[in-house]
Amino acid sequence: MVEVLVTGGAGFIGSNFVRYALARHPDWRVTTLDKLTYAGRRENLHDVLDHPQHAFVHGDILDAAVCAPLVERAELVIHFAAETHVDRSILGAGEFIRTDVEGTFVLLEAARRAPRLRRFVQISTDEVYGSVPTGASRETDELRPRNPYAASKAGADRLAYSYWATYNMPVIITRASNNYGPYQFPEKVIPLFVTNAIDGLPVPLYGDGRNVRDWLHVQDHCAALDLLIDQGADGEVYNIGGGNEVMNVDLTHRILATLGRPASLIQPVPDRPGHDRRYCLGTTKLRALGWAPHVPFDEGLRDTVDWYRRNEWWWRPIKEQDLAFRSYYRTQYGR
Ligand code: NAD
Ligand code: DAU
């Protein structure tokens with residue numbers, strides 16, 4: 001059996017990856033390590049918690065005593081755990097520095113001593129390139145992160161790289177564009193707008209709504225990671241971009257149209273400070289290994305909207321009963 005450690009496996013992408021891995025790799029034994037922050041939820045793993053090849057460990061990546069034995073026996077470490085919401089990083093960056101930078105350091109230190117380790121995947125983000133007015137970011141481009149989340153991810157990205165360059169650790173770094181799909185916490189734009197619109201509530205569009213994101217279905221992301229675990233080269237960075245550049249205002253209209261809701265639900269609100277105008281990833285390097293995204297954006301968005309429509313049990317308790325979420329929502333958007 002291949003011992004696989006997935007950090008942050010109770011979050012959005014991590015839980016989709018755990019499910020993907022268990023379905024495709026009967027010879028993998030997957031351990032999820034997750035702190036269960038506001039964004040990490042056992043419910044995200046409800047159908048695989050009792051899977052015979054899966055174990056769940058409730059723990060913090062900042063805790064070296066928890067991480068050491070898990071990392072020590074792992075052949076593959078896929079490191080998703082992070083604080084991930086840009087708006088929250090603007091409200092307070094401390095937790096982002098601790099988890100995203102220091103937490104990555106704790107895991108890398110443990111990984112240096114792991115005798116069987118053959119791959120450490122540092123899950124980075126396209127936000128490390130900063131705003132890209134024209135063209136597409138290449139893996140060799142300068143990093144110009146512009147918000148505390150992006151800066152903490154850039155720190156972790158380069159720290160992971162340094163463990164390859166210095167200690168010859170089998171690290172690869174992936175930088176994905178905006179993911180969408182099931183189990184995404186309803187603070188991020190697609191699940192927030194979909195669930196608000198289902199309830200006939202306003203959808204708060206930042207600034208002029210003309211910022212562009214490059215959408216990647218989470219299943220396509222999982223497939224790219226699976227390929228890179230096998231075929232990526234140590235010390236290399238790989239962009240994972242969906243190739244679906246969409247302006248926020250257009251995305252919003254598509255969501256409302258899919259739900260049969262009126263455009264009058266769009267509520268322009270003050271812009272996010274330092275709001276990156278556009279992200280766009282060049283994916284030549286990954287495509288050369290044989291990967292291409294398979295989920296057309298229209299289809300993926302329709303299915304995603306449908307998933308939130310069919311799974312109110314998953315998001316309604318967060319939006320209606322979770323006091324921390326309601327307090328965050330008031331702070332971020334007012335009443
Ligand atoms: P998420 O917020 O849904 O999940 C993060 C998970 O990490 C949660 O389960 C949380 O409980 C866990 N976690 C947080 N702090 C922890 C700690 N100290 N110890 C252990 N677990 C901890 O995030 P996501 O959207 O699934 O993102 C996963 C990774 O992918 C992150 O590294 C993020 O930077 C990266 N990424 C996300 C996107 C995107 O569009 N969502 C795009 C590119 C890269
Ligand atoms: O690009 C990859 C990144 O994508 C990941 O690294 C981050 O973890 C992930 O959160 C995401 O960051 P964004 O800031 O791009 O995602 P978010 O869903 O917060 O916002 C997407 C766009 O929608 C962005 O231009 C801001 C806008 N937006 C967002 C919210 C929450 C709004 O207009 N209104 C909103 O209420």
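Details
- Set ILE240, ILE229: member being within 13 Å of ligand 2 (Cβ to nearest atom) and buried (at least 17 other Cβ atoms within 10 Å of the Cβ): ILE240
- Whenever a residue of region 41-68 is over 22 Å from HIS25 (Cβ atoms), its partners that are polar (S, T, N, Q), lying with C-beta atoms within less than 7 angstrom and at least six residues away or across chains, give the pairs ILE61/THR7; ILE61/THR99; LEU62/THR99.
- One residue from SER124, SER152, SER137, SER131 being within 13 Å of ligand 2 (Cβ to nearest atom), surrounded by 21 or more Cβ atoms within 10 Å (Cβ to Cβ), over 28 Å from LEU5 (Cβ atoms) and in contact (Cβ under 8 Å) with a residue 24 or more places away in the chain: SER137
- Residue count, region 155-197 (criterion: away from ligand 2 (no atom under 13 Å from the Cβ) and under 30 Å from GLY260 (Cα atoms)): 2
- Residue check, HIS46 assigned by TED's automatic domain parsing to the domain that holds ALA10, buried (at least 16 other Cβ atoms within 10 Å of the Cβ) and either within 16 Å of ligand 2 (Cβ to nearest atom) or not polar (S, T, N, Q) (or both): no
- Extreme residue, farthest from GLU236 (Cα to Cα), among residues of region 141-173 that are among the charged types (D, E, K, R) and away from ligand 1 (no atom under 13 Å from the Cβ): ARG146
- Residue count, region 1-43 (criterion: of a type in the set (A, V, I, L, M, F, W, C), out of contact with any strand residue (DSSP E or B) (no Cβ under 8 Å at 6 or more places or on another chain) and crowded, with 19+ Cβ neighbours inside 10 Å): 1
- Where strands (runs of 3 or more DSSP E) fall wholly inside region 172-284, the ranges with 2 or more residues that are hydrophobic (A, V, I, L, M, F, W, C) are 203-206, 237-240, 245-247, 266-269.
- The numbered conditions (1) within 14 Å of TYR180 (Cβ to Cβ); (2) crowded, with 19+ Cβ neighbours inside 10 Å are all true for ASP306 except (2).
The values are calculated or read from the model by the stated rules, or taken from the named source; none is laboratory data. All figures in this text were calculated on a predicted structure; none of them were measured in a lab. Methodologically, a virtual Cβ is constructed for each residue, glycine included, from the backbone with ideal geometry; neighbour enumeration extends over all protein chains shown.
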